[in-house]
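Student: This is the structure I want to talk about, given as structure tokens.
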Amino acid sequence: MDWPQKQNSFERIEGVSLIEGNGGMPAVRVSRNELKGEVYLHGGHVTSWKPTHAEEVLFLSGHTNWNSSKAIRGGVPICFPWFGPKDQPGAPQHGFARIREWQLERISEEGGGVLVEVSDRSDEQSRQLWPFDYVLTHRVIFGETLKMELVVRNTGTKPFVFEEAQHSYFQVGKVQEIAIDGLSNRYVLNKIDGKTRKQHGKITFQAETDLVYFDTADNIAIIDLLLKRRITISKTNSKSTVIWNPWSEKARALSDLGDDEWQTMVCVETCNIRNNVVRLAPGESHMMGTEITVASI
Ligand code: TA6
């Protein structure tokens with residue numbers, strides 16, 4: 001993308017710049033006093049959000065491969081149109097949206113914050129992996145909350161079914177000392193042992209964790225006594241939630257995650273996956289949203 005040319009077509013907003021980010025990748029940076037935020041066009045990917053009175057909320061790996069064929073490790077990867085692996089030659093894990101180059105659509109003031117809107121449209125390359133026409137829009141509002149709306153529109157002539165996730169990585173003091181509240185009494189598939197059971201009480205972490213909660217619309221909270229904060233995640237039109245931490249062994253196998261970084265991250269993912277897939281007829285749209293707030297405890 002030619003930033004200087006594009007730049008002229010966007011309203012100039014105080015504290016917002018179009019930058020050449022890591023790996024020379026184009027990104028939008030928000031920096032207004034203590035409020036910070038960043039979106040990469042690679043994957044339509046939010047990599048940072050820091051509200052005025054708190055430290056950085058999102059985790060970003062110091063070992064990320066800043067390379068157009070890889071997903072950024074951390075922040076908020078967008079998984080679409082499938083989640084997890086797909087049994088099809090050349091089909092990337094978690095879909096292709098997180099490794100495509102998105103377009104910048106809009107930057108504007110929005111309710112005291114900054115709205116950055118990016119989009120991705122089907123093309124010949126996407127149709128080789130998934131034979132449908134779509135427009136994907138990620139509307140991100142950086143303010144004292146972080147609001148992200150992912151809109152999928154069926155622009156083709158055939159109905160389609162898809163999975164989606166805002167696969168958010170959160171910065172925590174120490175994963176062994178946090179608790180996650182808001183998913184009690186929900187059915188959960190434990191991907192480590194393949195069993196489905198009912199969650200009782202808060203989630204705590206003692207080993208590799210990969211959990212898929214179904215039919216969950218409630219707010220979720222990360223209670224972090226070390227960082228003395230509570231992160232609240234509220235979801236719109238999302239029926240599944242995934243909780244993930246790779247723990248030590250899996251982290252060592254991931255080249256884009258430092259050997260100890262797993263201890264200071266946790267993923268709480270707003271999704272529609274598996275039993276909760278979304279169906280769209282031609283011309284229809286679906287919006288899935290996440291709003292994040294942080295408070296001291
Ligand atoms: O959301 C959890 C998960 O699906 C895990 O199974 C895990 O492997 C993870 O996502 C990360 O996937 P990635 O392709 O980004 O390495």
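The values are calculated or read from the model by the stated rules, or taken from the named source; none is laboratory data. A quick note: this is a predicted structure, and the numbers were derived from the prediction, not measured. Cβ atoms come from the backbone with ideal geometry, glycine included; neighbour counts cover every protein chain shown. Just the protein is used for accessible areas: all its heavy atoms, side chains included, with ligands, DNA and RNA removed. Shrake-Rupley method; radii C 1.70, N 1.55, O 1.52, S 1.80 Å.
Student: Test each condition in (1) in contact (Cβ under 8 Å) with a residue 40 or more places away in the chain; (2) open to solvent by 10 Å² or more (accessible area, probe 1.4 Å) for Gly84 and report the one that comes out false.
Tutor: (2)
Student: Considering only residues that are surrounded by 15 or more Cβ atoms within 10 Å (Cβ to Cβ) and either farther than 22 Å from Leu189 by Cα or of a type outside the set (Phe, Trp, Tyr) (or both), which ones fall in segment 254-268?
Tutor: Leu254, Asp256, Leu257, Gly258, Glu261, Gln263, Thr264, Met265, Val266, Cys267, Val268 - these are the residues of segment 254-268 that are surrounded by 15 or more Cβ atoms within 10 Å (Cβ to Cβ) and either farther than 22 Å from Leu189 by Cα or of a type outside the set (Phe, Trp, Tyr) (or both).
Student: If you go through segment 226-257, how many residues are touching a strand residue (DSSP E or B) at 6+ places or on another chain (Cβ under 6 Å) and within 13 Å of the ligand (Cβ to nearest atom)?
Tutor: Within segment 226-257, residues that are touching a strand residue (DSSP E or B) at 6+ places or on another chain (Cβ under 6 Å) and within 13 Å of the ligand (Cβ to nearest atom) number 6.
Student: Among the numbered conditions (1) among the small types (Gly, Ala, Ser); (2) free of Cβ contacts under 8 Å to residues at least 60 places away in the same chain; (3) open to solvent by less than 40 Å² (accessible area, probe 1.4 Å), tell me where Gly15 comes up short.
Tutor: It is condition (2) that Gly15 fails.
Student: Take segment 194-216 and flag every residue that is within 15 Å of Met265 (Cα to Cα) and charged (D, E, K, R).
Tutor: Within segment 194-216, Glu208, Asp210 meet the criteria.
Student: Might you let me know whether segment 275-296 holds any residue that is assigned to a loop (DSSP other than H, G, I, E, B) and in contact with a Phe, Trp or Tyr (Cβ under 6 Å, 6 or more places away or on another chain)?
Tutor: No, that holds for no residue.
Student: Report, by residue number, each residue of segment 126-145 that is surrounded by fewer than 19 Cβ atoms within 10 Å (Cβ to Cβ) and within 12 Å of Phe80 (Cα to Cα).
Tutor: Those that are surrounded by fewer than 19 Cβ atoms within 10 Å (Cβ to Cβ) and within 12 Å of Phe80 (Cα to Cα): Leu129, Val135.
Student: Would you check if there is a residue in segment 41-62 being over 30 Å from Val212 (Cα atoms) and open to solvent by less than 50 Å² (accessible area, probe 1.4 Å)?
Tutor: Yes, some residue in segment 41-62 is over 30 Å from Val212 (Cα atoms) and open to solvent by less than 50 Å² (accessible area, probe 1.4 Å).
Student: Filter segment 146-166 down to the residues that are more than 30 Å from Thr232 (Cβ to Cβ) and open to solvent by 40 Å² or more (accessible area, probe 1.4 Å), then identify the one that is nearest to the ligand (Cβ to nearest atom).
Tutor: Looking at the filtered set, the residue picked out is Val161.
Student: What are the residues in segment 269-297 that are crowded, with 16+ Cβ neighbours inside 10 Å and among the hydrophobic types (A, V, I, L, M, F, W, C), if any?
Tutor: Hits for segment 269-297 are Cys271, Ile273, Val277, Val278, Leu280, Met288, Ile292, Val294.
Student: From the list Ala71, Ala91, exactly one residue is surrounded by fewer than 16 Cβ atoms within 10 Å (Cβ to Cβ), within 16 Å of the ligand (Cβ to nearest atom) and not acidic (Asp, Glu). Which is it?
Tutor: One residue alone meets the criteria, Ala91.
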